[in-house]
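Quick notes on the structure that follows.
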Amino acid sequence: MNILITGGCGFIGTNFIYYMLHETDHDLINLDKLTYAGNLQNLTSVEERYGGKRYFFEKGDICDNSLVEKILHEYDIDMIVNFAAESHADKSINSPDQFIESNIHGAYNLLELSRKHKIKKFIQVSTDEVYGSLDSEGLFTEDCPLAPNTPYGASKASADLLCRSFFKSYDFPVIITRCSNNYGPFQFPEKLVPLTFLRAREDRSVPVYGDGSNIRDWIYVSDHCRGINLCLQKGRPGAIYHFGGNAEYQNLDVIKKILDVMGKSHKLIKFVKDRPGHDHRYAMDYSLAADELGFEPGVRFTEGLELTINWYLKNEQWVDGVKSKEYSDFMESWYR
Ligand code: NAD
Ligand code: TYD
């Protein structure tokens with residue numbers, strides 16, 4: 001099969017490409033615009049080993065109608081996994097425009113051209129953030145109302161609704177996956193885990209929003225990748241599947257765990273102003289994915305965190321490379 005992976009130079013897309021090349025014999029075509037979050041160097045070894053054989057890179061925008069049409073046709077694409085998106089909730093609060101463009105318009109462009117091209121399966125990689133926030137009890141189920149609280153969450157929810165409409169109106173074989181917070185190798189250091197690592201590595205303060213009591217469910221990225229491949233193999237068109245890590249932690253505890261693994265002092269922790277509309281808690285009921293796909297998370301949080309920190313420690317050159325100007329300007333303005 002020929003699989004189009006969009007956003008393959010980002011965090012999860014990169015991990016998915018490694019996973020699929022290792023675990024399957026599919027050919028992979030990676031379409032990525034290379035925004036600040038996309039990093040071609042993530043895939044240097046893939047390019048060396050598989051480039052022009054089982055792996056092909058196309059630089060471009062999922063909103064570009066003629067480019068996407070050309071790719072679907074020239075590579076005779078069978079299935080699509082859409083990772084491409086602006087993915088940073090904080091950034092969406094400051095400047096939502098690009099989120100609307102890539103996450104909604106881009107998804108629509110892919111859906112419409114895929115429908116015409118009679119794609120066999122389309123996976124829309126979505127997020128638990130479409131549901132908004134939970135109180136201290138309960139889990140998100142697939143039939144919870146969509147109630148996003150950030151422009152990022154709203155843009156992903158909008159794309160999910162477009163997917164639903166394509167299934168209902170055209171019988172288009174689309175599957176939506178909604179996953180909790182990922183962590184692991186290759187994550188851009190605007191997100192909590194790599195940001196904490198990166199700042200602590202330089203003995204700089206580590207920002208905690210509000211009082212640090214907000215709760216996220218953490219899934220190791222390879223577990224998410226396995227879940228998506230299960231959808232490609234046996235996911236039911238029209239279904240929504242949840243993936244979670246069974247690992248709920250308060251942000252303050254996550255930060256303390258990272259500092260402990262690194263042997264750094266908790267004195268680095270600095271409480272900063274809270275994110276506006278900060279969702280209190282995310283947690284996933286993934287029993288449908290367990291029943292229909294056989295999905296279970298395999299990596300425990302402590303183990304995954306050690307794997308992640310060790311990967312960052314071993315890949316100093318990668319870490320230094322991603323400390324781009326855009327990243328530091330944005331972060332410094334946020335924490336001032
Ligand atoms: P990321 O920001 O690390 O990577 C996004 C990638 O998409 C980048 O390579 C970027 O260059 C590319 N991209 C952005 N806009 C594009 C466009 N218009 N055309 C082509 N390429 C474009 O994001 P991530 O963390 O890897 O997330 C991937 C997907 O998974 C997103 O759709 C996100 O909503 C979803 N998701 C992420 C998490 C998480 O914890 N990171 C959790 C659940 C769902
Ligand atoms: P983040 O990694 O941005 O993911 P999301 O907002 O999509 O869940 O943030 C995870 C949690 O950590 C979230 O509750 C916000 C909080 N946070 C901090 O406390 N400090 C930080 O520096 C960052 C980036 C996030």
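The values are calculated or read from the model by the stated rules, or taken from the named source; none is laboratory data. A quick note: this is a predicted structure, and the numbers were derived from the prediction, not measured. Counting neighbours? That spans all protein chains shown, and the Cβs are built from the backbone with ideal geometry, glycine included. Side chains are part of the model used for accessible areas, which takes the heavy atoms of the whole protein and leaves out ligands, DNA and RNA. Shrake-Rupley method; radii C 1.70, N 1.55, O 1.52, S 1.80 Å.
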- [ ] Kindly establish whether Glu101 is out of contact with any strand residue (DSSP E or B) (no Cβ under 8 Å at 6 or more places or on another chain), within 12 Å of ligand 1 (Cβ to nearest atom) and of a type outside the set (Val, Ile, Thr).
- [x] yes
- [ ] Within the range 52-85, track down each residue that is under 23 Å from Pro189 (Cβ atoms) and either in contact with a Pro (Cβ under 9 Å, 6 or more places away or on another chain) or of a type in the set (Phe, Trp, Tyr) (or both).
- [x] Phe83
TODO: Could you tell me which numbered condition Leu111 fails, if it satisfies all but one of (1) at positive phi; (2) touching a Leu at 6+ places or on another chain (Cβ under 9 Å)?
DONE: (1)
TODO: Mind listing just one residue for me: the one in the range 110-131 that is within 14 Å of ligand 1 (Cβ to nearest atom) and acidic (Asp, Glu) and, of those, most open to solvent (accessible area, probe 1.4 Å)?
DONE: Glu129
Task: Selection within the range 95-138 - touching an Asp or Glu at 6+ places or on another chain (Cβ under 8 Å), aliphatic (A, V, I, L, M) and more than 14 Å from ligand 2 (Cβ to nearest atom) - done: Leu113, Ile119
Open item on the list: Checking Thr150 against (1) within 24 Å of Asn229 (Cα to Cα); (2) within 16 Å of ligand 2 (Cβ to nearest atom); (3) β-branched (Val, Ile, Thr): exactly one of these is not met. Which one?
Closed with: (1)
